[in-house]
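Data block below; observations after.
The values are calculated or read from the model by the stated rules, or taken from the named source; none is laboratory data. Predicted, not measured: the structure shown is a model, and the values here were computed from it. Cβ coordinates were reconstructed from backbone atoms using ideal geometry, including for glycine residues, and neighbour counts include every protein chain displayed.
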Amino acid sequence: MIQSAHYFEMKGKVDKAVQLYSRGGNQKKAMNLAMKHNLTDLIENISSEVQDGDDPEVLKKSIHFLMQNQQYAKAVEIMISLGNLDQALQIAETHNVILKEEMALKLCPPTNNDPNKRVQRIETLKKIAKMVKKQGDFRLGAKIYTMANEKMKGIKCLLKSGDVKAVIGFAQTAREAEVFILAGNFL
């Protein structure tokens, strides 16, 4: 496939060459050629097909292209796969990217014993939970607030969802008087 792509590139049929390079697994060559000839549709196709294990340079070019074309959700996904969690969170927050559960959980920083990083982690979790709550995913908001040890905010999210079973389950596991009171008033 790569040989065919090279043939089409030599013949001046760049669009076919880009498609064949991409299908043949040479994403870097396909991206460079598409950008050189300003083939935006093909760049978009390459950007949508990038995956976690791809060349970081191709991923960064894809992010740049997606940001220019206001495709922020896909750009955030690629940033998460590259490990740029802070930048991904900032862009998601700035451009109101709808966070799916998988994306939101990947944005959550890992637990740490260092007190400074623990405080930073809690602040990040609160940001993510607030974003998810604004988007209307109250169950996920409650889950992330709980990860940040904010059980009161977590139960309030669940109360907004109206899910009786989830409220009861949350109250049973939280084992706090205030949470029991809120859950009791809801029921």
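When ALA88, ALA104, ALA92, ALA75 are checked against the criterion of being in a helix (DSSP H, G or I), over 26 Å from LYS13 (Cβ atoms), assigned by TED's automatic domain parsing to the domain that holds LYS130 and in contact with a helix residue (DSSP H, G or I) (Cβ under 6 Å, 6 or more places away or on another chain), a single residue qualifies: ALA104. Helices (runs of 4 or more DSSP H) fully within the stretch 113-174 that include at least 3 residues being within 25 Å of THR94 (Cα to Cα): 115-134, 138-147, 151-161.
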